[in-house]
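Right, one structure below, let's go through it.
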Amino acid sequence: MSRVLGLLFGASLLASPLRGQDSLMVRLRHRADSLLGTWREAQLLADVADSLERVRATAGSDTIAVGGLRIIVNPSPLPLREAAERAWPAIDSLYGSAAEDLAQHPYIIRAVDPDTAVRRTVLHVGFELAWDLDVRATTTVLLTTVTPPLSTPH
């Protein structure tokens, strides 16, 4: 009998840490779920901020469409249409079917006067390009900056 009691007592001692581990696992799971929820909320806010920044950056702009390439640019003398027409065959040839996906991800370019020191509002999307570039230089910029979008899992 004392042997059975000893075994039961030993088993209860062994079981206690397991119950403690279960409790710890539940607390850790709860913290992980809470962290995941917070991360999702932050991601949603970041997406909204990005969307608002895109609207701000593209207000009053024109869209240039050549093949699958879409460029949103403010009115300027920058020869983007001609540059896009020159760059598109190379982009299409290089990226193949992925080049058509570019239409879903337009490039935002702000053409700026290179001779002014006037402060401009900071944009957090797209990039600035001096509007005095010629067609060849603008084509080179497009060829070096346009990359196919990363495929996203559905």
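In this structure the amide hydrogen of ILE108, modeled in the peptide plane, comes within under 5 Å of the amide hydrogens of ILE72, GLY126, PHE127, none closer than 5 places in sequence on its chain. Highest average first, the peptides 85-94, 65-74, 33-42 ordered by how many other beta carbon atoms sit within 10 Å of their residues are 65-74, 85-94, 33-42. Compared with the alpha-carbon gap, the fully stretched path from ASP62 to THR116 is longer by 17.2 nm at 0.36 nm per residue.
For the stretch 101-113, the Karplus equation 6.51 cos²θ - 1.76 cosθ + 1.60, evaluated at θ = phi - 60°, returns couplings of 5, 4, 4, 7, 10, x, 8, 9, 10, 10, 7, 10, 6 Hz by residue, with Gly and Pro reported as x. The label-point distance for LEU35 and LEU123, in a model that sets each label 7 Å from Cα toward Cβ, rounds to 3.8 nm.
Taking amide hydrogens as placed 1.01 Å from N in the peptide plane, the amide H of ASP62 sits under 5 Å from those of VAL73, ASN74, each at least 5 positions away in sequence or on another chain. Phi angles across the stretch 131-144 convert, under the Karplus curve 6.51 cos²θ - 1.76 cosθ + 1.60 with θ = phi - 60°, into 3J(HN,Hα) values of 7, 9, 5, 7, 4, 4, 5, 5, 4, 4, 4, 4, 5, 8 Hz, Gly and Pro given as x. At an R0 of 25 angstrom, the distance between the Cβ atoms of VAL135 and ALA103 translates into a FRET efficiency of 0.65. Computing FRET efficiency as 1/(1 + (r/R0)^6) for ALA90 and LEU44, where r is the C-beta to C-beta distance and R0 is 25 Å, gives about 0.10.
Can you tell me the relative contact order of the stretch 60-154? Whole percent, Cα pairs under 8 Å, sequence separation 6 or more. Show your work: numbers first, answer last.
Values: 133 pairs, mean separation 32.2, N = 95.
This gives 34 percent for the stretch 60-154.
Each value in this text was obtained by applying a stated rule to the coordinates, not by laboratory testing. Keep in mind it's a predicted model, so treat the numbers as computed, not measured. All Cβ positions, glycine included, derive from the backbone under ideal geometry; neighbour counts span all protein chains shown.
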